[in-house]
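Following: one structure in structure tokens, then a few remarks.
The values are calculated or read from the model by the stated rules, or taken from the named source; none is laboratory data. Note that the structure is predicted; figures quoted are calculated from it, not measured. Cβ atoms come from the backbone with ideal geometry, glycine included; neighbour counts cover every protein chain shown.
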Amino acid sequence: MSSFDIAAVVRELGPSISGMRIDNVYQLDPKTLLFRLRGPGKEPSNLIVEAGVRIHLTSYSLEKPKRPPAFSMALRKYLRNGKVVDVHQYGFERVVVIKVYGKDGDYALVLELFGDGNVILVAPNGEILHALRYRRMRDRKILRGEVFKFPPASGKDPRNITRRCLEELRNYGNMEVVRALTRLLSIGGLNAEEILLRAGVDKRTPCESLSERDLDEMYTKLREVLSEIETGRLRPVVFLDEDGEMVDFAPVPLKVYSHLRRIEYKTFNEALDEYYAKIIIRAKAEDVTEKSGREIGRLERTLQDQKKALKRLKKTAEHNRKLGDIIYRHLNELIALTERIMNEKRRGKEWSEIIKDLEKEKKRMEVPSVYFESLNPKELMLEVSVEGEKIRLDLRKSIQENAARYYEMAKKARRKIGGAEKAIGEVEAKIAELRRQMSERLEEAQKPPRRAVKREWYEKFRWFYSSDGFLVIGGRDASTNEVLLRRYMEPNDVVLHAEIPGAPFVLIKAGGKSVPERTIREAAQLAASYSRAWKEMFTSLDVYWVTPQQVSKSPPSGEYLRRGSFMIYGRKNYIRGVPLEVAIGIKAYGSELKVIGGPPDAIARQAKAYVRLVPGREASGRLAKAVRSKLAEASPSEMRNEVLKIPIEEFQRFIPYGRGALKT
């Protein structure tokens, strides 16, 4: 992101996230942080920061690590539940500062988006508390306990310069104006090119030859671009090449990219979100291709070596068999030759004389001496040439034994051929499997990430839709009990409560209709299952229902009602022996999948797949993973991977008291 991009995104972020609280902090990878934000009257938001690269709101549901790294834990310690009070760009640098009001004062989260980048948490007293990267530099130190210093400015802030300041460009002599502009001002090369193009000044113009008109036009166009950002007249775009691949983004259309197609977005945050989502998909696909390609390449080289070895084995087997056959075709001649040699030696003849005689006879083409090639007296090895093949014969063995030796070598080679062919088949199968896996992983990598689920107003409570279509909502704790009855209870609704302390109030939103008995029973099951009775391992519980007119926040004289508690006056209508059991399922909303939970009968009518839970001692983390796995198995094949991508937290929301057991 350039300094212009940062100025534009900060202008949007200010109104969007100021006043919101940091609900949680996640570290997605060594450079990327995700801040979950919530605030009154605002949609929950996710702010993504990648050190040295980007900052923007994201609408995508991103995979979070199972174990949070130390840095994200440190940020949680100081910033969780802290209120964002300000977001600004430091000067016109690629640095963003988020001020967060925490329990001990104003903290500064400094986001450096240049070079390798950094994320630095600065205490209210100005000292560094934590940093993504600790470094010692010539002009400053990023170390715990050091007073934080901003990096030196990369140039003048273009928002604060006058027309006269641009005259300093001439001091750069014969340097090209595009390069000089980036040195003089805190702007990047692309933005410098854009200003020069709008001003009609050739970017290669030497600074010393810039005219007054050139400087006037450059200043005017610089102010024009800055004004578009400062006044919020943004027209965010992403640029596409001829293949439809995203290549860049900008808060306003750029002349330098006039030859490219573009997609316009409502906000710059949205443009950045889409661009980086596509970049991540592309990077994942390239990573899959590279890793799989390396392994396939290694196996293909192994396969080539194996095929060459097989070819050699076949050749060896064929050659040795052929030599054995030749020996037998010329058996008598070869026997005569070897016996003559050995007989002459036994009679005391020197080896040299034997060899000389054989060579003379060979010249005269006398059989069997015509086959003679050489003789090694030390090894007693005779080499003969028969039918164009040179054959080594051991004089200590008979000719038949020599032939048998060649046949045996041929058999050994053939046995190895079987093993080699099997090994080649295995490697070919591995390559085919790797190609199949690569294709699957590539298809998976190229799928766009899931959009973060937008929650309805009632999802901050326990909730479900009954089998008859009524919305049923229940408190999660004392605070939401209070909000539920004070803000959302209407005269025609039905109010339920389990007959045990520590139970939520449950509300059936009647909407002016008569509430059926089946819906009341399902709502009663919600009230019982999310009460303390679940923690106490009850199997059933009594629940009562009343009308809103019987519910009051006014206690009898001399008594006090705690937050989340209400008085019930008049006759209670009991549902006896309500079983403690909940179901968690997956429901499709168009192309989106959503986790739903509540009474089994209601969920069974709405979910494509569901599982039942009863009171138990399995912790919600492990139980939620088991639930997700079971739901993936029970889902249609085309949905399974999508189900497995749903964050564990979405399932945990429906597990009463953070524990339970799968019903078998």
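Structure values in brief
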{"item": "Some residue of segment 123-146 being more than 33 Å from the chain's Cα centre (by Cα), under 20 Å from Asp5 (Cα atoms) and modelled with pLDDT under 95", "result": "no"}
{"item": "So Arg576, is it modelled with pLDDT under 95 and more than 30 Å from the chain's Cα centre (by Cα)", "result": "no"}
{"item": "Strands (runs of 3 or more DSSP E) fully within segment 490-570 counting 1 or more residues that are over 20 Å from Lys460 (Cβ atoms)", "result": "494-498, 540-546"}
{"item": "Unmet requirement for Ile187, which otherwise passes all of (1) in contact (Cβ under 8 Å) with a residue 40 or more places away in the chain; (2) over 29 Å from Arg11 (Cα atoms)", "result": "(2)"}
{"item": "All positions within segment 268-291 that are at pLDDT 95 or above and polar (S, T, N, Q)", "result": "Asn269"}
{"item": "Segment 652-664, residues that are in a helix (DSSP H, G or I) and either in the same structural domain as Ala533 (by TED's automatic domain parsing) or crowded, with 17+ Cβ neighbours inside 10 Å (or both)", "result": "Gln652, Pro656"}
{"item": "Cβ-Cβ under 6 Å pairs, at least 6 apart or on other chains, segment 627-641 side within 23 Å of Gly658 (Cα to Cα), far side among the hydrophobic types (A, V, I, L, M, F, W, C) and in a helix (DSSP H, G or I)", "result": "Val627/Phe651; Arg628/Phe651; Leu631/Val643; Ala632/Val643; Ala632/Leu644"}
{"item": "Condition met for Arg414 (closer than 30 Å to Leu323 by Cβ and either surrounded by 14 or more Cβ atoms within 10 Å (Cβ to Cβ) or touching a strand residue (DSSP E or B) at 6+ places or on another chain (Cβ under 6 Å) (or both))", "result": "yes"}
{"item": "Tally, over segment 564-595, of residues that are touching a helix residue (DSSP H, G or I) at 6+ places or on another chain (Cβ under 7 Å), charged (D, E, K, R) and more than 27 Å from Ala607 (Cα to Cα)", "result": "0"}
{"item": "Residue list for segment 231-244, filter: without any contact (Cβ under 8 Å) to a residue 60 or more places away in the chain and surrounded by fewer than 19 Cβ atoms within 10 Å (Cβ to Cβ)", "result": "Thr231, Arg233, Arg235, Leu240, Asp241, Glu242, Asp243, Gly244"}
{"item": "Subset of segment 10-36 (residues that are of a type in the set (S, T, N, Q) and assigned to a helix (DSSP H, G or I))", "result": "Ser16"}
{"item": "Subset of segment 484-503 [out of contact with any helix residue (DSSP H, G or I) (no Cβ under 6 Å at 6 or more places or on another chain) and either within 30 Å of Lys284 (Cβ to Cβ) or surrounded by fewer than 16 Cβ atoms within 10 Å (Cβ to Cβ) (or both)]", "result": "Arg486, Arg487, Tyr488, Glu490, Asn492, Pro501"}
{"item": "Meets criteria (of a type in the set (D, E, K, R), under 27 Å from Lys460 (Cα atoms) and free of Cβ contacts under 8 Å to residues at least 60 places away in the same chain) for Arg38", "result": "yes"}
{"item": "3 or more residues under 30 Å from Val595 (Cβ atoms) and outside the structural domain of Glu245 (by TED's automatic domain parsing): qualifying strands (runs of 3 or more DSSP E) within segment 377-476", "result": "462-465, 471-474"}
{"item": "Subset of segment 260-287 that is without any contact (Cβ under 8 Å) to a residue 24 or more places away in the chain and over 21 Å from Glu440 (Cβ atoms) - its residue that is surrounded by the fewest Cβ atoms within 10 Å (Cβ to Cβ)", "result": "Arg261"}
{"item": "Hey, Ser209 closer than 27 Å to Pro253 by Cβ and among the hydroxyl-bearing types (Ser, Thr, Tyr) or not", "result": "no"}
{"item": "One residue from Asp248, Asp216 being more than 24 Å from Leu113 (Cβ to Cβ) and among the charged types (D, E, K, R)", "result": "Asp216"}
{"item": "Hits in segment 198-223 (condition: touching a residue at least 40 places away in the same chain (Cβ under 8 Å) and either within 23 Å of Gln89 (Cβ to Cβ) or surrounded by fewer than 17 Cβ atoms within 10 Å (Cβ to Cβ) (or both))", "result": "Arg198, Asp216, Met218, Tyr219, Leu222"}
{"item": "Residue match in segment 99-115 (condition: β-branched (Val, Ile, Thr) and more than 29 Å from the chain's Cα centre (by Cα))", "result": "no"}
{"item": "Candidate set: segment 245-259, residues that are touching a strand residue (DSSP E or B) at 6+ places or on another chain (Cβ under 8 Å) and within 16 Å of Lys278 (Cα to Cα); chosen: the one surrounded by the fewest Cβ atoms within 10 Å (Cβ to Cβ)", "result": "Val247"}
{"item": "Options Lys572, Lys587; residue that is in contact with a strand residue (DSSP E or B) (Cβ under 8 Å, 6 or more places away or on another chain), under 23 Å from Ile473 (Cα atoms), of a type outside the set (A, V, I, L, M) and not assigned by TED's automatic domain parsing to the domain that holds Leu471", "result": "Lys587"}
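One line per residue, one yes/no per condition, for (1) assigned to a helix (DSSP H, G or I); (2) loosely packed, with under 15 Cβ neighbours inside 10 Å:
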| residue | (1), (2) |
| --- | --- |
| Arg612 | no, no |
| Glu618 | no, no |
| Arg628 | yes, no |
| Leu644 | yes, yes |
| Glu650 | yes, no |
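Results for (1) under 60 Å from the mean Cα position of the chain (by Cα); (2) aliphatic (A, V, I, L, M); (3) crowded, with 16+ Cβ neighbours inside 10 Å; (4) more than 15 Å from Val427 (Cβ to Cβ), shown as yes or no for each residue.
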residue: Arg298; (1), (2), (3), (4): yes, no, no, no
residue: Thr302; (1), (2), (3), (4): yes, no, no, no
residue: Leu310; (1), (2), (3), (4): yes, yes, yes, no
residue: Leu337; (1), (2), (3), (4): no, yes, yes, yes
residue: Asn343; (1), (2), (3), (4): no, no, no, yes
residue: Trp351; (1), (2), (3), (4): no, no, no, yes
